[in-house]
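Notes follow once the structure below has been shown.
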């Protein structure tokens with residue numbers, strides 16, 4: 001994330017007119033400043049709406065979901081919604097309350113740094129969810145989970161430091177000077193943590209393959225994108241791409257707000273990432289409801305009757321008493337059973 005600097009450049013034209021007006025001071029070019037903020041608001045609002053739809057789908061589809069997951073989704077929605085309201089306050093203050101006052105663009109209003117706090121908390125909540133998912137998929141291997149947890153905590157710490165420093169500033173120009181490296185560090189650690197979380201899940205899900213075609217197809221559905229839904233790893237990569245673009249724009253164009261187009265979407269992408277991975281379980285469960293036995297027999301079962309890999313280790317299937325032994329197959333079962 002990066003501070004929002006005052007606008008630069010001059011057009012010398014009255015707002016809404018392409019012809020300079022004599023007697024009026026030249027006005028700055030608002031396209032890379034207020035224009036970028038407005039585009040960021042529109043896109044983030046659209047993603048917020050998608051998140052609300054996904055949240056409704058989650059509660060309507062998984063009525064018997066465990067309480068901690070319902071609470072996690074509710075908290076994330078409140079954080080994301082609060083940030084969206086604060087973004088709206090920022091745009092309203094700059095464009096309406098202080099209309100025709102370009103010098104006010106250098107004023108660091110309270111909602112500007114506060115919305116960064118809620119983005120930080122939203123991303124931490126979602127990244128912690130994915131870090132715990134990695135812990136479960138690794139069969140609760142603490143050594144595997146150390147790096148993801150350290151990255152998630154590092155992003156939270158740097159993000160809070162960024163917010164605290166900016167809360168003491170009244171000028172965006174001064175905030176840029178005093179918080180330059182902290183801003184770059186936040187974007188860098190966001191990009192790094194998202195990439196590593198996605199890579200960890202790719203590796204763990206790939207290792208869970210058993211050689212059983214139907215089971216491996218279910219794992220592929222968790223790792224890849226179908227024409228119907230975007231699944232876990234792909235949505236995780238989206239946030240890392242967004243963080244990368246934010247970092248590049250904030251570094252290359254520090255004198256405008258172009259980066260805000262992507263930064264305002266970051267928290268919403270995190271929230272949608274988590275909900276997409278949770279809601280995708282319904283399609284995977286439908287595919288695994290009919291299990292083809294190694295004996296050639298087909299048996300219909302619900303999730304409560306059979307695990308998605310057709311059998312857990314040492315379970316006999318079919319009339320022929322065929323046994324499937326696969327410890328790694330339990331990873332996918334744990335993935336669904338724990339919803340992580």
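The values are calculated or read from the model by the stated rules, or taken from the named source; none is laboratory data. Keep in mind it's a predicted model, so treat the numbers as computed, not measured. Don't worry about glycine lacking a Cβ; one is built from the backbone with ideal geometry, like all the others, and counts go over all protein chains shown.
Could you list all residues from segment 156-173 that are in a helix (DSSP H, G or I) and free of Cβ contacts under 8 Å to residues at least 24 places away in the same chain? Listed by number, the residues that qualify are 157, 161, 164, 165.
Residues in segment 177-211 that are touching a residue at least 60 places away in the same chain (Cβ under 8 Å), buried (at least 19 other Cβ atoms within 10 Å of the Cβ) and not in a loop (DSSP other than H, G, I, E, B): 183, 186, 187, 190, 193, 194, 197, 200, 201, 204, 205.
Restricting attention to segment 146-155, and to residues there that are surrounded by fewer than 19 Cβ atoms within 10 Å (Cβ to Cβ) and touching a helix residue (DSSP H, G or I) at 6+ places or on another chain (Cβ under 6 Å), which single residue is farthest from residue 207 (Cα to Cα)?
Of all residues in segment 146-155, those surrounded by fewer than 19 Cβ atoms within 10 Å (Cβ to Cβ) come to 146-147, 149-150, 153-154.
From the residues that got through so far, the ones that are touching a helix residue (DSSP H, G or I) at 6+ places or on another chain (Cβ under 6 Å) too are 149, 154.
Numbers: 149: 21, 154: 28 Å.
Taking the candidates together, the pick is 154.
Being closer than 30 Å to residue 106 by Cβ and at pLDDT below 85 narrows it down to one of 243, 185, 208, so name that one. Every option except 243 fails the conditions.
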